[in-house]
Amino acid sequence: MDNRAIGVFDSGVGGLTVLRSLIEHFPQESFIYAGDTARVPYGNKTAATLQEYAAQCTRFLTRKNVKLIVVACNSLSATAMDTIANIAEVPVVGVINPAARKALLESPAGHIGIIATRATVRSRAYDTALRSIAGSESLHILSHACPLFVPLAEEGFVQHPATELIANTYLSPFRDVQTDTLILGCTHFPILREVIAKLLPDVNLIESGGAAADEVQQILASKAAFSDLEKSIINVYLSDITPSFKAIANRILGIQPNKVEKVTFS
Ligand code: DGL
């Protein structure tokens, strides 16, 4: 048994979609969420900058004595996993491999689309993961960067006409190639899920959260490291407490965190 918290981090509110899924799967676990809201978006930055930010957030969570770290950010999972693993003294779960595995399990014909940030698309991390997990199976993969989805999600423009307009432009290539399964390869994108589903009604949408929870389950089980606390604690640390954060966090999580505190990641 291990009553330490699970650390989860992202550039902003996107990782809360992963946290929500983790809370649903592990109601007895405590969580420490780190959101680098002062520097969001991450997805347009270079790999070198993302590695530096990832190192700072990982050091922060390590100082908080977490028992496991979930990198609830595709852009960091695609570019900085080695950096994170070298600093963390605990197991680290990224979101790319779990989502790729889930997409392959659920795709009927191997026509898989990926929408993500520029950093994730540029890294080709999903292509690599999908092809290495699938082996010789034939796949049709199409990736498309959708950077404007991140500020729209941060703004809470969930059902906004601007979101529909931009989504229509971003998603049209997937209609042309008969995509059967679309990976929401950025943890901000499930916030816009309804608009995406409306425009691609027959496409199976894969989110990072549920897929990562399965991997967390395996690690905690193999180490017998589940918590047995009667009441779990959810603490949120942000590099900037933006006015919109609380509203959108409540909408995503459906519960109030025990604490929201401003910190510097270093
Ligand atoms: N939510 C993150 C991701 O999954 C980062 C998005 C951003 O900050 O650009 O890629």
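Every number here is computed from the coordinates shown, using simple stated rules; none is lab data. Bear in mind the structure is a predicted one, so any value in this text is a computation, not a measurement. Cβ coordinates were reconstructed from backbone atoms using ideal geometry, including for glycine residues, and neighbour counts include every protein chain displayed.
Numbers below:
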{"read-out": "Complete set of residues in the range 56-84 that are of a type in the set (Val, Ile, Thr), in contact with a helix residue (DSSP H, G or I) (Cβ under 9 Å, 6 or more places away or on another chain) and more than 16 Å from the ligand (Cβ to nearest atom)", "value": "THR62"}
{"read-out": "Residue, nearest to the chain's Cα centre (by Cα), within the range 198-221, restricted to residues that are surrounded by fewer than 19 Cβ atoms within 10 Å (Cβ to Cβ) and in a strand (DSSP E or B)", "value": "LEU205"}
{"read-out": "Considering residues of the range 105-116 that are more than 14 Å from LEU142 (Cα to Cα) and in contact (Cβ under 8 Å) with a residue 60 or more places away in the chain only, the residue farthest from the ligand (Cβ to nearest atom)", "value": "PRO108"}
{"read-out": "Residue list for the range 29-55, filter: over 24 Å from VAL121 (Cβ atoms), within 15 Å of the ligand (Cβ to nearest atom) and surrounded by fewer than 22 Cβ atoms within 10 Å (Cβ to Cβ)", "value": "ALA38"}
{"read-out": "Filter pass, GLU215 being touching a strand residue (DSSP E or B) at 6+ places or on another chain (Cβ under 6 Å) and among the charged types (D, E, K, R)", "value": "yes"}
{"read-out": "The range 166-194 residues that are closer than 17 Å to ASP127 by Cα, paired with ones that are more than 15 Å from the ligand (Cβ to nearest atom) and assigned to a helix (DSSP H, G or I) (beta carbon under 7 Å, 6 or more apart)", "value": "THR181/ALA103; THR181/GLU106; LEU182/PHE174; ILE183/ALA103"}
